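Take a look at the structure below.
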Amino acid sequence: MKEAILKLTYPASCRILIWTLCLLSDGTFAQMPEHDHSQMMDKASHQMMHPQMEVCKGTSLECANAATPFLTSAGQLFLIWTAGGAVSLSHSADLGMTFSTPVEIANHQKKLDVGSDARPQITVDPKGNIFIAYAFFKDSNWNAQINTARSTDSGKTFTQAQALIQGGASERFPILAADAKGKIHLAWIDKRVVQAANKQGNKKLGGSIAYASSIDGGVSFQAETIVNQESCECCRIGMALNPQQFPVLAYRGIFPGGVRDQATQVLSFKQQTSQGLPTKANDGVGPIQRVAIDHWKTDVCPHHGPAIAIADTGTTHVAWFTQGSARQGVFYANSNNEGKTYSPPRQLGNANRNVARPYLLTIGKEVWLVWKEFNGEKAIIYLQYSKDDGKTWSIAKPIAEAVGYTDHPLLINQNKNVFLSWLTRAQGYQLLSIGQAE
Amino acid sequence: MKRYLSMLAATFFMLQAVQASESVKAYQNGTWAQLSKANLGEPLAVHFWGVTCAPCMAEMPQWGKFLSQNKQAKVIFVQVDDVPPEMVQKMLQRAKLQNANNFSVFQPFDDAMRYEVDPQWHGETPITILINKNGQWQRKTGPIQFAALKAWFLKQ
């Protein structure tokens, strides 16, 4: 715990100096040794006091563990959250200053998936039609189910939440995006392949990546496709649309030897039938592209999925967490050839702190990147941006901080205005204006 | 007679459930400091697991077997998912660990809780922290090698 002692005894100016050095060295400063610390438990670390928060009970936003925003081009903010076993939604006409009375969409009590990488999903079309998705645990063996619901009156009422997959094995971590034509793309972790293998006596860990789409606002979905049979089962998926409006997924794949490294995959399903279906089940499933050889050979649940964003130029930007033998921490890389090759990974944040939860947003060829650092006392959100498609980056600067429980930092935009969406137990939900794209 | 027997059996299982429920202690901010302080001077393994973590669930019965064969080994189990206590109990019973030294969170296992254990732990599970009698510690990420764990306890 040498780093803990540093934080307690070094003055702030020294910490800033260390941080600056870290930036100047392009993020390669002081990587931590892997896993085995063999250091003394010191009293100093035990004296670090954290606020003793009482357990927040109830379904209100104040007690939420995860909140996901959707900001329309007209400036209407829709916020969906999970708290007290319920999935609720509210909207704000003043960028989060005030919210409408929440509408409870579903309630699964303690069966709701509130894992550290789980969050409800939302998309809103220009007419105010809302489509949401979330997961809950449907049985005592922790098999999960993804439910979806719709609203056609801007969130005043919702359809009864229903299963995306009827009688499925286990589905978790939905991620969705609506393209320019209103087609909803939905991907998730699906365990049918793993369960089938285990039933046949072939011991198998992990999950698979599944994908389906809807051309009627989520009323119905085409038959799902398993696009990669080998993925981590406990990390969220990232999804972005490329300039051709095809979804590109980023996720923690499982590569030969049980290596859980990051992958991206372009799903270019072409609508060649009148129903919008691909002509063949696997037509359009792109190759599994490895973002970096981190070589994280492990059977753990990292609970830490990647972020992805695609610029108008087509450049794919990815940020992720790894504890591989090649590198440990949070990293960023980009690809200008649809994932065939990626730039060398660049480490984000101060390696001596607990760096986590990167998130990306692109506007034109600008790239906005945030992540969270925990220094033993508080969580600090750092921002870095690139005006040239990820070639050069601004100096990282802190833009928000909070003590106690904090959600992942998220980025959204209204046209060229960029906002940080961040839920914290101490300060509640915040939509912070953090800059403007050129 | 059958009716009385089934009532007796139901009562027995209810009592067992209540007893088991009481045996899982609450883990919160500061618990780590108390645990490590209380156990200084003897080797200790603290295993962090979660009921929604498939690799954890696959491994837990092996922990039950290890403890039944190594009764002197001091192991504390901490369940880190925000789930109903009865589900934690069920999983512990399946692994024959209901009488072990068990803790569980009753709120999100947040950054501060993880940092207190290890500033470089990002929440991946399972992990095991091995603390020797001098307070020196190391983090083992992923399923444990039980032969190596036994050797570590014997070496202390």
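See the values below:
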| read-out | value |
| --- | --- |
| Scan of the stretch B:104-113 for residues that are closer than 17 Å to A:N354 by Cβ and within 7 Å of another protein chain (Cβ to nearest Cβ), ordered by number | B:P108, B:D110, B:D111, B:A112 |
| Residues of the stretch B:114-155 satisfying the condition of being hydrophobic (A, V, I, L, M, F, W, C), more than 8 Å from every other protein chain (Cβ to nearest Cβ) and either touching a residue at least 24 places away in the same chain (Cβ under 8 Å) or surrounded by 19 or more Cβ atoms within 10 Å (Cβ to Cβ) (or both) | B:V117, B:I129, B:L130, B:I144, B:F146, B:L149, B:W152, B:F153 |
| Residue in the stretch A:154-171 that is of a type in the set (D, E), farther than 19 Å from A:L79 by Cβ and modelled with pLDDT of 95 or more present | yes |
| Within the stretch A:410-423, tally of residues that are surrounded by fewer than 21 Cβ atoms within 10 Å (Cβ to Cβ) and either within 14 Å of chain B (Cβ to nearest Cβ) or on the phi > 0 side of the Ramachandran plot (or both) | 1 |
| Strands (runs of 3 or more DSSP E) wholly inside the stretch A:344-409 that include at least 3 residues being within 13 Å of chain B (Cβ to nearest Cβ) | A:354-363, A:366-374, A:379-386 |
| Only one of A:P51, A:P120, A:P102, A:P126 that is at pLDDT below 95 and more than 14 Å from chain B (Cβ to nearest Cβ) | A:P126 |
| Criterion: at pLDDT 95 or above and either surrounded by 23 or more Cβ atoms within 10 Å (Cβ to Cβ) or basic (K, R) (or both) - qualifying residue of A:R346, A:R353 | A:R346 |
| Residue in the stretch B:89-103 that is facing another protein chain (nearest Cβ under 7 Å) and farther than 26 Å from A:G376 by Cβ present | yes |
| Scan of the stretch A:140-162 for residues that are surrounded by 15 or more Cβ atoms within 10 Å (Cβ to Cβ), closer than 25 Å to A:Q195 by Cα and of a type outside the set (A, V, I, L, M, F, W, C), ordered by number | A:N143, A:Q145, A:N147, A:T148 |
| In the stretch A:293-321, residue nearest to the other protein chains (Cβ to nearest Cβ) [restricted to those that are in a strand (DSSP E or B) and under 25 Å from B:T128 (Cα atoms)] | A:C301 |
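Each row is one residue, and each column tells you yes or no for (1) within 14 Å of chain B (Cβ to nearest Cβ); (2) in contact with a Phe, Trp or Tyr (Cβ under 9 Å, 6 or more places away or on another chain); (3) within 25 Å of A:P302 (Cα to Cα).
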{"site": "A:G167", "(1), (2), (3)": "no, no, no"}
{"site": "A:S231", "(1), (2), (3)": "yes, yes, yes"}
{"site": "A:Q244", "(1), (2), (3)": "no, no, no"}
{"site": "A:A250", "(1), (2), (3)": "no, yes, yes"}
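Residue-by-condition table, conditions (1) farther than 15 Å from A:A309 by Cα; (2) in contact with a Cys (Cβ under 6 Å, 6 or more places away or on another chain); (3) not hydroxyl-bearing (S, T, Y):
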{"site": "A:S386", "(1), (2), (3)": "no, no, no"}
{"site": "A:S394", "(1), (2), (3)": "yes, no, no"}
{"site": "A:I399", "(1), (2), (3)": "yes, no, yes"}
{"site": "A:G404", "(1), (2), (3)": "yes, no, yes"}
{"site": "A:L410", "(1), (2), (3)": "no, no, yes"}
{"site": "A:N413", "(1), (2), (3)": "no, no, yes"}
{"site": "A:V418", "(1), (2), (3)": "no, no, yes"}
{"site": "A:W422", "(1), (2), (3)": "yes, no, yes"}
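The values are calculated or read from the model by the stated rules, or taken from the named source; none is laboratory data. This is a predicted model, so every value here is computed, not measured. Here the Cβ is made from the backbone with ideal geometry for all residues, glycine too, and neighbour counts use every protein chain on show.
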